[in-house]
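Written out below as structure tokens is the structure these notes cover.
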Amino acid sequence: KPLKLMTPFDQIRSVFEVHADTARAEQMSHYMRDQFAFYGIASPERKKLYTDFLREEKKKKLIDWGFIDLCWADPHREFQYCALDYLVRMNRFVEFDDLDLRIRQLVETKSWWDSIDVLCKVVGSVGLRDERVAELMRYWATDENIWIRRCAIEHQLGRKENTDTALLTEIIEANLKSTEFFINKAIGWALRDYSKTDPDWVRNFIATHPGLSTLSVREGSKYV
């Protein structure tokens, strides 16, 4: 009877189990408000465990969405982190159609700031090479799901002088009346990030938008 070959997911799970730390797992879970189970593997160590796998995957130039689905379905948060690291490494192979078909589902499930703040980078990288993303982000900016809206607000983080300020303005203005902490924090973060490039623009934006929450203003004006 032929031996069943282990899938990459099974291989990584075996390695995770070997490096599990129960005490640290409890601390990590508590930090995330006990929403997720953990193996208890610190981020630097975790990333080393699958570095070789990611290097080999990148050579294939094709995203294994089945692998990502398995990672997302696993109860341990380290597997979602693994999927996120995979997507960041493979972001050049993410296509526009994947955003609504694949990435949106990841944003909407097992949602918390730690996963959203990576997924927005994946969305942003697609936006730099496909102008259709801007219109999609206008649509996401008014979605009922707060994490979809947060992703839209944050998707231009790190763009510096390539930031589309008209789009940023439109997305923030669509969320000005929000009382949701994670939305107002994201608005402040987006403004603070761009203030490193154009502090005058951010200073003027804050001055001309009295509807900004106190949290957004505090976060956004840190460097201006």
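The values are calculated or read from the model by the stated rules, or taken from the named source; none is laboratory data. Bear in mind that the values here come from a model prediction, so they are computed numbers and not experimental data. Positions of Cβ are generated from backbone atoms using ideal geometry, with glycine treated the same way; all protein chains shown enter the neighbour counts. SASA here: full protein model, heavy atoms, side chains in, ligands and nucleic acids out. Shrake-Rupley method; radii C 1.70, N 1.55, O 1.52, S 1.80 Å.
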Subset of segment 103-113 that is surrounded by 14 or more Cβ atoms within 10 Å (Cβ to Cβ) and outside any helix (DSSP H, G or I) - its residue that is farthest from the chain's Cα centre (by Cα)
Lys110
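Given the criteria touching a helix residue (DSSP H, G or I) at 6+ places or on another chain (Cβ under 7 Å), in a helix (DSSP H, G or I) and either under 29 Å from Pro75 (Cα atoms) or among the basic types (Lys, Arg) (or both), does Ile116 qualify?
Details: touching a helix residue (DSSP H, G or I) at 6+ places or on another chain (Cβ under 7 Å): yes; in a helix (DSSP H, G or I): yes; either under 29 Å from Pro75 (Cα atoms) or among the basic types (Lys, Arg) (or both): yes.
Judged against the criteria, Ile116 is a match.
Looking only at residues in segment 161-172 that are open to solvent by less than 50 Å² (accessible area, probe 1.4 Å) and in a helix (DSSP H, G or I), which one is farthest from Ser111 (Cα to Cα)? Don't jump to the end; show me each part of the working.
Residues of segment 161-172 that are open to solvent by less than 50 Å² (accessible area, probe 1.4 Å), as a first pass: 163, 165, 167-169, 171-172.
Now restrict to residues that are in a helix (DSSP H, G or I): 165, 167-169, 171-172.
Working: Thr165: 27, Leu167: 25, Leu168: 23, Thr169: 25, Ile171: 20, Ile172: 21 Å.
Per the stated criteria, the residue is Thr165.
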Could you list, ordered by first residue, the pairs with Cβ atoms under 6 Å in which the first is in segment 209-224 and loosely packed, with under 14 Cβ neighbours inside 10 Å and among the aromatic types (Phe, Trp, Tyr) and the second is in a helix (DSSP H, G or I) and modelled with pLDDT of 95 or more, at least 6 apart or interchain?
Tyr223/Ser195
Determine whether Arg138 is farther than 25 Å from Ser29 by Cβ, open to solvent by 70 Å² or more (accessible area, probe 1.4 Å), free of Cβ contacts under 8 Å to residues at least 60 places away in the same chain and over 17 Å from the mean Cα position of the chain (by Cα).
yes
Across segment 84-99, what is the number of residues that are assigned to a loop (DSSP other than H, G, I, E, B) and surrounded by 15 or more Cβ atoms within 10 Å (Cβ to Cβ)?
2
Suppose we filter Asn175, Asn184 for residues that are buried (at least 21 other Cβ atoms within 10 Å of the Cβ), polar (S, T, N, Q), over 16 Å from the mean Cα position of the chain (by Cα) and not in a helix (DSSP H, G or I); which single one remains?
Asn175
